[in-house]
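A.B. asks: Would you mind keeping the following structure in view while I ask a few things?
The values are calculated or read from the model by the stated rules, or taken from the named source; none is laboratory data. Quantities reported herein were computed from a predicted structural model and do not represent experimental measurements. Neighbour counts are summed over all protein chains in view; Cβ atoms, including those assigned to glycine, are modelled from backbone coordinates with ideal geometry.
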Amino acid sequence: MLAPAFTHILKPSNTMLDIVKEPHNKDAAALQSQSSTQSSSTQSSGNQLSSTQPSDTQSSTTTAPVRHPSHPSPPQIDNPSHQPNTKKWILLDLDNTLIDTEHLAFEAAIPVANRILLSKGIIETYSVEKLVSQWFGQTFKAMITKLGEKHNFEITAEDRKLWAAWEEEAIIAAVAREGQPCKGAIAVIEKVLADGVYNLAIVSSSSLKRMLGCLDGVNMRQYFKDEHIFSANTSLPVPTPKPASDVYEFALKKLGITAEEAVAVEDSRGGLLAASGAGIDTIGYLGCINMPAQQAQLAADFEAEGAAGVMWRWDQFFDILAKVEAKVENGE
């Protein structure tokens, strides 16, 4: 999904930032040692994480194997009544948090843009380089608006609906062809399900059709119940994308939990504002951003907007989550 431009700034109070600044790739086995360290220390919340942590290419006796079509999916684990943790649900963004879609979405937008121009009788076409130079970092909706302004053609509501469907189909097809989960995400998901301490849900601005299509494309739909997948575009009575907090508030209500019982993971400032606007502690994720300057800027944005933590890699997740739990228990 093309990165949106955001103008709303919310300053959540009583949040403390815990940044793990390690932008360089390390062996995914660090995930196992982090979990072991946490299980040997006592958190004030009483939470103990399992000492066995899989990497992207390894599995353990307590987790399902890393994604493979021939492996059965791990069972969904309900929230145990004896669970001592304050946090009970992990709410995950989809694009560039679970699935690396940024470059695919932009590449998919190019033939769609050219198809739009042709439908309006315009011969000019766009290459990757030309589109990037003019509209990188903008939503598809903003891009087609500017196409209309530049080439002087009218855009009707019917046009927008049709073109959005074209883009959606193109992205789903691109993910099915060459999409990949964000590195380390599946290992964390499988461990969460195996441990049974937290429940999982997805909260995204993308349409439900696109979400399910992309999850199917990388064989990740098996990890999530359909009723735990929420779309700001489809689930709400009126589509209200992030940075508005509506979709998170809707998810909390449907899950029957309070904001204090959830932690979110987001890859964008707008996503952080949406989750924190609903009162949810939010961890910022930078691992699917390939441009160092953009990555550094987003890390600064996360800090400025009061993120509960920032992770550069998924194998840092449990360490940061444990610290978020400890802060909550200590009333920070």
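A.B. asks: Given the structure, is LYS141 in the same structural domain as GLY270 (by TED's automatic domain parsing) and under 30 Å from ILE283 (Cα atoms)?
C.D. replies: Spelling it out, it is not the case that LYS141 is in the same structural domain as GLY270 (by TED's automatic domain parsing) and under 30 Å from ILE283 (Cα atoms).
A.B. asks: Same structure again: Failed condition for THR234, given (1) in contact with a Ser or Thr (Cβ under 6 Å, 6 or more places away or on another chain); (2) under 18 Å from MET311 (Cβ atoms), with all others met?
C.D. replies: Every condition holds for THR234 apart from (2).
A.B. asks: Might you check whether a residue that is surrounded by fewer than 20 Cβ atoms within 10 Å (Cβ to Cβ) and among the hydroxyl-bearing types (Ser, Thr, Tyr) occurs anywhere in the range 261-279?
C.D. replies: no
A.B. asks: Can I ask one more? So, GLU227, is that one surrounded by fewer than 19 Cβ atoms within 10 Å (Cβ to Cβ) and either out of contact with any helix residue (DSSP H, G or I) (no Cβ under 7 Å at 6 or more places or on another chain) or in contact (Cβ under 8 Å) with a residue 12 or more places away in the chain (or both) or not?
C.D. replies: In short, yes.
A.B. asks: Being over 15 Å from ASN96 (Cβ atoms), surrounded by fewer than 22 Cβ atoms within 10 Å (Cβ to Cβ) and among the charged types (D, E, K, R): is that true of GLU325 here?
C.D. replies: No; evaluated as a whole, the condition is false for this residue.
A.B. asks: Kindly indicate the residue of the range 304-322 that is among the acidic types (Asp, Glu) and within 18 Å of the chain's Cα centre (by Cα) and also surrounded by the fewest Cβ atoms within 10 Å (Cβ to Cβ) among those meeting that condition.
C.D. replies: GLU305
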